[in-house]
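Data block below; observations after.
The values are calculated or read from the model by the stated rules, or taken from the named source; none is laboratory data. Here the structure is a predicted model, which means the values were calculated and not measured. Cβ: placed from backbone, ideal geometry, glycine included. Neighbour counts: every protein chain shown.
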Amino acid sequence: MIDDFKNIPSKVNLEQFDISSFAKDKIRDLFRTGKVPTAEVMVDEILLRAVKSEATDIHFEPTDAELRIRYGSEGVLKKLVSLPREISENLANVLKTKGALNAFEKKKPQDGRFSLNVGLHQFDIRISTIPVMFGERIALRILEKNARVTSLDELGFTPENLIKVRNLLHRPNGLFIVTGPSGSGKTTTTYAAVNDIQGMEKNIFTVENPVEYKLDFASQVSASSDKSFTYVDALRAILRQNPNIIMLGEIREAETGVVAAEAALTGNLVLSTILSDSAIGAIFRLISIGVPPYWLASTLIGIVYQQLVRKICTSCKEEYQPTKADESSFVSMLAGEAKFYHGKGCEKCDNSGYYGRTAIQEVLVLNDQMRDLIYQHASIMKIKDAARASGFESAFQDGINKVKAGVTTISEFYRALG
Ligand SMILES: [Zn+2]
């Protein structure tokens, strides 16, 4: 828990309303007789607890029997409480009002944001709704404002990969992509990369929707969610201001990809992210959304793929003999050469055996041969062969190494890499 939050007391004992632990009738009576806090107070309590437990997201899921509320923390969902479903709509209304959404619109998805202050900390909360069978499912994403930008050294790169990344970042121009599934820390890595190369002599811009971290060395442009001021508009305007480094939130469609490539071709280092399942997969993802291969062939310099895994808690880490089926298949893959570790659970890690996260990565540095293959629309296999010949090490291998080193567990390896 963040120390500053320890002294902020809870105002509501949410547990007494948990219908999976207590008699439903008794709780429903509490609601019927009005002996319950208002929906506003309940929401505030849920937000406070989420922030206190360093959750990254909160999910409100109405089912036919209950309103299930879960937190996402370190990539895993944990149940907070199951409230009677009768309260579901009231909580939804409070949340939608906070996010300036249309409270009467219940049949279409909506998204918005609001600010939250807890102690001296400020949070930016993104809200999204989606109609489901028994009401509206609401997800909140929690981002701390003014959070410190992480250093590249703290992101779990192996020394070899870190050198590759830094070499790429010191190129004067080109397109540098960070890829991975959603929630894999792509934005954090991109910020760390820009932060690593900042300097007075450089003209740095970021284009995002919305801005996630404030950087004092960059001009940060917030593109809008509607079509009134797009990534492409922002990029074209930035190109008139003689930039050196441009960080672009995400490439989702062809035009943004092409303008980003254009910027990279005209003497800028452009960093961006895209969703995909591997470094080489990102090349094909860019092509499939409509970025022509010749643009990529002439501008792509490198791709980082990453996926987050939980780290073994160092306070309760112990060596053990893997027994479960998936674990023993991992052991046989390594032919019995390694020792294996897990956390047996302690107070520090809330008995989960894990504390903190790190990334499993692969870093692809494009060479002339790979660029040529992209230009020729070559198959994934051919590009993979060229990558391997250039010394590329896959995330799979990085994951194995991190299990062997006792950084993470076999089950986290499988959770992240399948
Ligand atoms: Zn522990």
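When the residues of the range 9-39 are narrowed to those that are exposed (fewer than 15 other Cβ atoms within 10 Å of the Cβ) and closer than 19 Å to K98 by Cβ, which ends up modelled with the lowest pLDDT? Per the stated criteria, the residue is K11. Does the range 391-400 include one or more residues that are hydrophobic (A, V, I, L, M, F, W, C), more than 21 Å from the chain's Cα centre (by Cα) and modelled with pLDDT under 95? Yes - at least one qualifying residue is present in the range 391-400. Take the conditions (1) assigned to a loop (DSSP other than H, G, I, E, B); (2) farther than 27 Å from I374 by Cβ; G290 misses just one of them, which is (2). On the basis of being touching a Gly at 6+ places or on another chain (Cβ under 8 Å), free of Cβ contacts under 8 Å to residues at least 24 places away in the same chain and under 30 Å from L239 (Cα atoms), does G112 make the cut? Judged against the criteria, G112 is a match. Beta carbons closer than 8 Å, at least 6 apart along the sequence or on distinct chains, pair a first residue in the range 336-357 that is polar (S, T, N, Q) with a second that is near the ligand (Cβ under 7 Å from one of its atoms) and not in a strand (DSSP E or B) for N351/G345; S352/C313; S352/G345.
In the range 114-188, counting only strands (runs of 3 or more DSSP E) that sit wholly within it, the ones holding 2 or more residues that are in the same structural domain as I8 (by TED's automatic domain parsing) and hydrophobic (A, V, I, L, M, F, W, C) span 121-132, 135-144. The number of residues in the range 313-355 that are more than 16 Å from the ligand (Cβ to nearest atom), within 18 Å of K402 (Cα to Cα) and not in a loop (DSSP other than H, G, I, E, B) comes to 9.
Strands (runs of 3 or more DSSP E) fully within the range 19-86 that include at least 3 residues being of a type in the set (A, V, I, L, M): 76-84. Between D196, D226, the distinction of being in the same structural domain as S298 (by TED's automatic domain parsing), surrounded by fewer than 17 Cβ atoms within 10 Å (Cβ to Cβ) and either assigned to a helix (DSSP H, G or I) or in contact with a helix residue (DSSP H, G or I) (Cβ under 6 Å, 6 or more places away or on another chain) (or both) belongs to D196 only.
Filter the range 178-208 down to residues that are under 21 Å from V309 (Cβ atoms) and out of contact with any Lys or Arg (no Cβ under 6 Å at 6 or more places or on another chain), then give me how many there are. The number of residues fulfilling the criteria is 14. In this structure, S298 does not satisfy being over 25 Å from E250 (Cβ atoms) and either of a type in the set (D, E) or not in a loop (DSSP other than H, G, I, E, B) (or both). The residues of the range 62-110 that are within 25 Å of the chain's Cα centre (by Cα) and hydrophobic (A, V, I, L, M, F, W, C), listed by number, are I69, V76, L77, L80, V81, A92, L95, A100, L101.
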